[in-house]
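The values are calculated or read from the model by the stated rules, or taken from the named source; none is laboratory data. Keep in mind that this is a model prediction, so the values were computed, not measured. Counting neighbours? That spans all protein chains shown, and the Cβs are built from the backbone with ideal geometry, glycine included. Each accessible area value is taken on the protein alone, full model and side chains, heavy atoms only, with ligands, DNA and RNA left out. Shrake-Rupley method; radii C 1.70, N 1.55, O 1.52, S 1.80 Å.
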Amino acid sequence: MSDEILMRIEDLSVQYKTRMGWTSAVDGVSLDIRRGEVLGLVGESGCGKSTLGKALLRMILPPGRITSGRIWFQGRDLMTLSEAEMSRIRGRNISMIFQDPMTSLNPIQRVVDHLVETIRTHEPNTSVQEARERAAQLFDRLGISSKRLEDYPHQLSGGMRQRVMIAIALSLNADLLIADEATTSLDVVVEAQFMDLLHELRREFNLTILLITHNIGLVAELAERVAVMYAGRITELGSARAIFKDTLHPYTQGLLRAVPNIRLQEDELYKMEGSPPDLINPPPGCRFHPRCPRAMPVCSTLQPGFQMVRPDHWAACWLYEEIPAELQQEVAAP
Ligand code: SF4
């Protein structure tokens with residue numbers, strides 16, 4: 001991993017229209033993705049992490065919309081590009097793989113046709129034969145017999161289908177791979193193989209990966225840095241080591257406590273109280289305050305800033321920020 005910024009996300013917000021009104025799925029997220037890193041993006045279901053991943057490719061469909069923000073990628077703000085320019089970037093520069101590859105693969109098209117079509121759409125001068133050869137080489141690299149190129153998606157196992165999605169991403173040498181819950185549909189053995197493969201490919205192709213998952217264990221294995229998301233906002237960001245060994249935010253502390261650990265002699269698994277908030281009417285101040293065991297009066301009034309608490313380790317929490325004088329009095333009052 002280098003310190004070079006591959007993508008800079010500035011103050012990005014996404015809203016969805018529901019029958020009850022507009023809901024903020026992503027609320028003012030700012031984040032850098034560094035070239036060559038695996039950045040884990042974790043949080044409970046519904047916290048906005050998948051929406052953020054799709055927003056980076058401007059794949060938010062109505063009734064959703066990106067309401068503000070900038071996405072800088074290789075010197076250009078993706079928010080200012082036309083749809084035709086974005087189409088060239090999707091797949092060519094930024095690829096995304098989803099939880100269920102069947103939703104991305106055409107069930108009536110052979111696997112080889114997906115690859116050939118992808119390659120020739122972005123590289124029209126490549127012949128069908130050259131594209132087929134590249135597809136076969138990629139399959140070989142990913143540990144799948146090139147004979148399987150002639151299969152239809154339903155003839156492959158879930159793990160193989162995920163490899164096909166990776167082959168499509170690698171076929172164009174994408175700079176950034178967004179893996180959105182890519183292992184959720186896999187059993188634990190195939191999941192482990194898939195993660196090993198990602199690890200190898202990252203080194204070999206200098207891939208940058210945004211790993212979106214609710215599985216903290218995966219992030220611990222693969223990510224160099226981790227961003228924790230809650231109710232549409234980033235609450236903590238730092239190196240994986242800092243997040244796991246020097247956890248700052250009470251929400252991250254709760255997430256980590258909830259991970260089963262066979263070395264601990266606990267009779268019951270820890271369960272974080274409460275549920276993520278309704279984002280149509282989110283709680284004021286810190287959105288985690290109704291569930292936070294360390295909440296103070298200021299937490300329900302004012303939103304904490306996103307502060308660098310230790311070198312390159314950030315958190316949005318009043319425990320690490322000076323509380324305004326008028327609210328300190330409120331804390332001191334009986
Ligand atoms: Fe808890 Fe307050 Fe920190 Fe929010 S700001 S996580 S409520 S202590």
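Away from the ligand (no atom under 13 Å from the Cβ) and open to solvent by 70 Å² or more (accessible area, probe 1.4 Å) - does that describe any residue in region 291-301? Within region 291-301, none of the residues are away from the ligand (no atom under 13 Å from the Cβ) and open to solvent by 70 Å² or more (accessible area, probe 1.4 Å). Screening region 145-237 for strands (runs of 3 or more DSSP E) wholly inside it with 1 or more residues that are in contact with a Pro (Cβ under 9 Å, 6 or more places away or on another chain) and in contact (Cβ under 8 Å) with a residue 24 or more places away in the chain returns the ranges 225-230. Is it true that some residue in region 240-260 is away from the ligand (no atom under 16 Å from the Cβ), in contact (Cβ under 8 Å) with a residue 60 or more places away in the chain and more than 20 Å from residue 312 (Cα to Cα)? Checked region 240-260: no residue is away from the ligand (no atom under 16 Å from the Cβ), in contact (Cβ under 8 Å) with a residue 60 or more places away in the chain and more than 20 Å from residue 312 (Cα to Cα). Of all the listed residues (187, 196), the sole one being open to solvent by 20 Å² or more (accessible area, probe 1.4 Å) and closer than 28 Å to residue 34 by Cα is 196. Taken over region 66-78, the criterion of being over 19 Å from residue 91 (Cβ atoms) and modelled with pLDDT of 95 or more is satisfied by 66, 67, 68, 69, 70, 72, 77. Scanning region 274-286 for residues that are more than 8 Å from the ligand (Cβ to nearest atom) and buried (at least 16 other Cβ atoms within 10 Å of the Cβ) yields a total of 4. Can you find a residue in region 50-64 that is open to solvent by 20 Å² or more (accessible area, probe 1.4 Å) and in contact with a Pro (Cβ under 7 Å, 6 or more places away or on another chain)? No, that holds for no residue. Among the residues making up region 302-320, those that are free of Cβ contacts under 8 Å to residues at least 60 places away in the same chain and near the ligand (Cβ under 8 Å from one of its atoms) are 304, 318.
Take residue 262 and tell me if it is open to solvent by less than 50 Å² (accessible area, probe 1.4 Å) and either among the hydrophobic types (A, V, I, L, M, F, W, C) or modelled with pLDDT under 95 (or both). Considered against the rule, which asks whether it is open to solvent by less than 50 Å² (accessible area, probe 1.4 Å) and either among the hydrophobic types (A, V, I, L, M, F, W, C) or modelled with pLDDT under 95 (or both), residue 262 comes out as no. Could you please find all residues in region 303-334 being modelled with pLDDT of 95 or more, part of a loop (DSSP other than H, G, I, E, B) and among the hydrophobic types (A, V, I, L, M, F, W, C)? Passing the criteria: 306, 316, 317.
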